[in-house]
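Undergrad: What follows is a single structure, and I will ask about it in a moment.
Bear in mind these aren't lab numbers, they're just calculated from the coordinates by the rules spelled out. Since the model is a prediction, treat every value here as computed from it, not as a measurement. Note that we place each Cβ from the backbone using ideal geometry, even for glycine, and neighbour counts take in every protein chain shown.
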Amino acid sequence: MTQSKIHRSEDRAVVVLSNRLPFAIKRGPQGLEKQVSPGGLVSALEPVLRKRGGTWIGWPGISLKTGETLNGRDLPYSIQPVAVSEEELEHYYHGFSNRTLWPLLHSFSQNTQFAPEDFKAYEQVNRRFGETAAKLAGSDDMIWIHDYHLMLAPSTLRARRPKATIAFFLHTPFPSYDIFRLLPWDQELLQGLLDCDLIGFHIESYVHNFLDCVERRLGAHVDRQRRLVHYGDRTIRVDAFPIGIDFALYEQAATLKPLVVKAVDSPQEPSSEQMILGVDRLDYTKGIPERIRAFEHFLEHYPEQREKVTLLQVAVPSRSEVSEYQELKREIDALVGQVNGRFATASWSPIRYLYGSFEREELAALYREAQVALVTPLRDGMNLVAKEFVACQVEDPGVLILSRMAGAADTMHEALLVNPYNLEETAAAIHRALSMEENERGSRMAALRSRERRNNVERWVRRFLEASAIPASAPEVPSHHEFQTWLGPFLHQHRLALFVDYDGTLTPLCEHPAKATLSEDMRLTLRNCAARPDTDITVISGRALNDVQEMVGLSEITYSGNHGLEINGAHIPHFQHEDLDHYSSRTVELAKSLHEIIQGGAWLEEKAYTLTLHVRAMPQAEQESLLTRAREIIHDAGFQARDAHCALEARPPIGWDKGRAVLHILRTHYGPSWSEHVRVIYLGDDQTDEDAFRFLAGLAMTFRVGPANTLTAASRRLPNVSAVEALLNWIASRPEAECL
Ligand code: ADQ
């Protein structure tokens, strides 16, 4: 590709983050030595950085001693090592990445281990990666995070660099909601990913699985048609980007003659024996034991093929510190011995097993010489080996046998597709492949090759970078139709008790509560809801009762002030918590103490029973020290301190909150069996609303309004006050419940 043809999005520098740098460092006699890291990610991405330049941030594979530095002068891109201690490595890498996420993402739930200390280390290392990238990346750079080791790094980056372009690509499958939700930290990881602008997966079904998860676990608003996730006040693009290989590189390597296959003592005389080839990282997802069993089945059921064919299985060592991988190695060694012991003759061994890493040229030679590639993972994000084999078919075309469980099977349908657990089917496919006529082999291989040549890794990068350059759109207000889908069946023929917070929910947050007046449109919408015979409304706020009543100014609804400590409504007797009088004089005392420390733009809102210290108008750098001091004073006075938007609440230590207030209203208004005939919707934007969300979980539809920078117990998210108004308009105009 010439410079002039490069798309604008490709002009931006790319900062790549992946667990590993593209090479592992070993300490040798000459000092630090680099060795290429095995695996699909490096095979795909390293050539791209070589061509484009950029920065690669990753773990170098060893702990560097003081004074030791990595020499990257021979590379056309820069490298930035991230230190990971021995202990972190055990928990973050061997633990959470490889014992938890890897099996879970491949739907091997029985192999998945959950350990809180592993997750803690994962959080810690991800934070470090995020911080390193935040320091290094220029303002126009595209930060491209790779793979499951770094699903939380986007959160640190977003917090440090709110305007940065952050993209993520997952190289593994993404499992169904039913599997992913087994993870105790599923919400944290989903939320971490949603701090990106773009999230890429290999194939459509992974995209759908992810969209299901963010909708069902985080309550995000998903636009499946346009592949957008509206989450809080941000919009995230999610799409499928099937990875390709550097086709020309492999094709060229296969074309080179003479062949040098150091690993195989290749006979000088051309052999009439046919070769079936398996090439994998030694990993239980790759289905190597199942493949050997299928080959055994083949030898058993097609005895005429014995001594005419050999399975050459090449396995590159991988994650050998993890016990499952050690066990797998033993199992394969034993199986190879068993099959060879059963079928070998004086001049023929059915299986040749090579355990080690090979140069690209060596692999290309093997791919070229093989009559059949047996690529049968039990599950695989994509699988590059299938593509590399195809690229190397430069002479007599071979046959690809491919597992339906590999992402590659989505597009490589001219391969013979098999279920790797079905030994009979795989054995029959081997037989068919070995006896396939040249015409059919040629036709199948030509189609496979032209697709892989076209959809090569350069195109993958280009498509991804183009998608990452699309400007982020503002979050969208859900449509009438979407509200109907979410709430129609839930409300069907029931009375609705609607609870709405005031500041940040019915009105945008402003620097002074007095300025947060209700818009006339919102007032009219509330009035229209309240006018319905099947709907009752409560506005529930942290403001004093009379204050919120005045701000809304509608007589036909119920009000609850001071976070539920006071209630006054059309349908229920006036309520004030019995312990409040006891605290009113102490609240005055506490206010005095807080006034003594207040400075520079901060001010105290006194609401008879609770206090709010507002710091929004203060310089940001000074806010935290004032808040820390205020928290101490509040605790010393025996009150509870609760964080709010740019504010701190002081509340008397009464076991009462918005959740309990909602229950009080529901029971008083509708009786103890309210949950049988009343449906509840609650809308709020604040930490104090979380009490109600938690309380109402399973009993109501709850909506958290505003930015999504913390997890919520609410069922769904809404971006802003306009979305609240749209929801209230839908409530006002929905079909009336007939039975009331
Ligand atoms: P991997 O699980 O590593 O990749 P795969 O796609 O098959 O799986 O790539 C393996 C790579 O390692 C290939 O490039 C292959 O040539 C190389 N390799 C295998 N055996 C080797 C050997 N003995 N010596 C040297 N090299 C060897 C992850 C996901 C995949 C996804 C890729 C890319 O698990 O599903 O296709 O990332 O996104």
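Undergrad: Given points 7 Å out from each Cα along the Cα-Cβ axis, report the THR485 to ALA621 separation in nanometres with one decimal.
TA: Distance between label points: 4.9 nm.
Undergrad: Can you give the % of DSSP beta bridges in the range 332-490 that are antiparallel, to the nearest 5?
TA: In the range 332-490, DSSP labels about 10 percent of beta bridges as antiparallel.
Undergrad: Something else about it: How much space per residue, in cubic angstrom, does the convex hull of the C-alpha atoms of the range 578-654 take up?
TA: Residue-normalised Cα hull volume stands at 74 Å³.
Undergrad: Sticking with this one: What ranking do ILE572, ILE62, ILE143, ILE203 get, fewest neighbouring Cβ atoms within 10 angstrom at the top?
TA: ILE62, ILE572, ILE203, ILE143
Undergrad: Calculate how many DSSP beta bridges within the chain are antiparallel, expressed in % of all such bridges and rounded to the nearest 5.
TA: Around 30 percent antiparallel, to the nearest 5.
Undergrad: Which angle from 0 to 90°, rounded to the nearest 10, does the C-alpha axis of helix 620-636 make with the longest principal axis of the chain?
TA: Approximately 60 degrees, to the nearest 10.
Undergrad: Of the beta bridges DSSP finds with both residues in the range 247-451, what % are antiparallel, to the nearest 5?
TA: Once the DSSP bridges in the range 247-451 are tallied, antiparallel ones form about 5 percent.
Undergrad: I need TRP486, TRP603 ordered by Cβ neighbour count within 10 Å, fewest first.
TA: TRP603, TRP486
Undergrad: Let me ask you something else. Given R₀ = 56 Å, FRET efficiency for LYS592-GLU395 by Cβ-Cβ distance, to 0.05?
TA: After rounding, the FRET efficiency stands at 0.05.
Undergrad: How big is the equivalent ellipsoid of the range 454-504 along its three axes, where each semi-axis is √(5λ) from the Cα gyration tensor, reported in whole Å from largest to smallest?
TA: 43, 17, 8
Undergrad: Report D for the range 3-240 in µm² per second (integer): Stokes-Einstein, Kirkwood Rh on Cα pairs, 25 °C, 0.890 mPa s.
TA: 133 µm²/s
Undergrad: Right, next: Classify the range 247-451 as rounded, prolate or oblate, taking a ≥ b ≥ c as the square roots of the eigenvalues of its Cα gyration tensor: rounded when a/c is under 1.5, otherwise prolate if a/b is larger than b/c and oblate if not.
TA: Because its axes are fairly even, with a/c under 1.5, the range 247-451 counts as rounded.
Undergrad: Quick one: Kirkwood hydrodynamic radius for the chain, alpha-carbon pairs, angstrom, one decimal?
TA: 29.4 Å
Undergrad: In percent, how large is the relative contact order of the chain, given Cα pairs closer than 8 Å and 6 or more residues apart? Walk me through the numbers on the way to the answer.
TA: Numbers: 1367 pairs, mean separation 79.9, N = 740.
Relative contact order, the chain: 11 percent.
Undergrad: Considering the zone a paramagnetic label at ALA570 would reach in this model (a point 7 Å from Cα along the Cα-to-Cβ line), which residues of the range 528-562 have amide N under 14 Å from it?
TA: 528-539, 553-559
Undergrad: Right, here's the next one. Would you please give the FRET efficiency between ARG523 and GLU736, computed as 1/(1 + (r/R0)^6) with r the Cβ-Cβ distance and R0 = 22 Å, to the nearest 0.05?
TA: On the way: r = 22 Å, r/R0 = 1.00.
The calculated FRET efficiency here is 0.50.
Undergrad: Stretched out fully, how many nm does the piece from GLU204 to ASP410 gain, at 0.36 nm a residue minus the Cα gap?
TA: Value of the extension gain: 73.3 nm.
Undergrad: Next question, about the same structure. Could you compute the FRET efficiency for ASP636 and GLU131, with r as their C-beta to C-beta distance and R0 at 41 Å, rounded to 0.05?
TA: It comes out at approximately 0.70.
Undergrad: Now for a different question. Can I get the semi-axes of the range 649-740's equivalent ellipsoid? Compute them from the C-alpha gyration tensor as square roots of 5 times the eigenvalues, in angstrom, largest first.
TA: Each semi-axis is the square root of five times an eigenvalue, giving 23, 21, 10 Å.
Undergrad: Work out, step by step, the length gained on full extension between ALA248 and SER673: first 0.36 nm times the residue separation, then minus their alpha carbon distance; give nm to one decimal.
TA: 145.9 nm
Undergrad: Let me ask another. According to the square roots a ≥ b ≥ c of the eigenvalues of the Cα gyration tensor, what is the shape class of the range 472-608, taking rounded for a/c under 1.5, prolate for a/b larger than b/c otherwise, and oblate for the remainder?
TA: It is oblate, given that a/c is not under 1.5 and a/b is not larger than b/c.
Undergrad: Please rank PHE247, PHE295, PHE639, fewest neighbouring Cβ atoms within 10 Å first, as an exposure proxy.
TA: The fewest-first ordering by Cβ neighbours comes to PHE639, PHE247, PHE295.
Undergrad: Under the 0.36 nm per residue contour assumption, what length would be gained going from the current alpha-carbon distance of ASN419 and GLU90 to full extension?
TA: On the way: separation 329, 0.36 × 329 = 118.44 nm, distance 3.45 nm.
Full-extension gain reported as 115.0 nm.
Undergrad: To continue, here is another question. According to a simple spin-label model (label point 7 Å from Cα along Cα-to-Cβ), what is the distance in nm between SER450 and GLN687?
TA: 6.2 nm
Undergrad: Applying the Karplus parametrisation 6.51 cos²θ - 1.76 cosθ + 1.60 with θ = phi - 60° to the phi angles of the range 357-374, what ³J(HN,Hα) value in whole Hz is obtained for each residue in order, glycine and proline being reported as x?
TA: With the stated coefficients, the range 357-374 comes to 9, 10, 5, 4, 4, 5, 4, 4, 5, 5, 4, 5, 6, 6, 7, 9, 9, 10 Hz.
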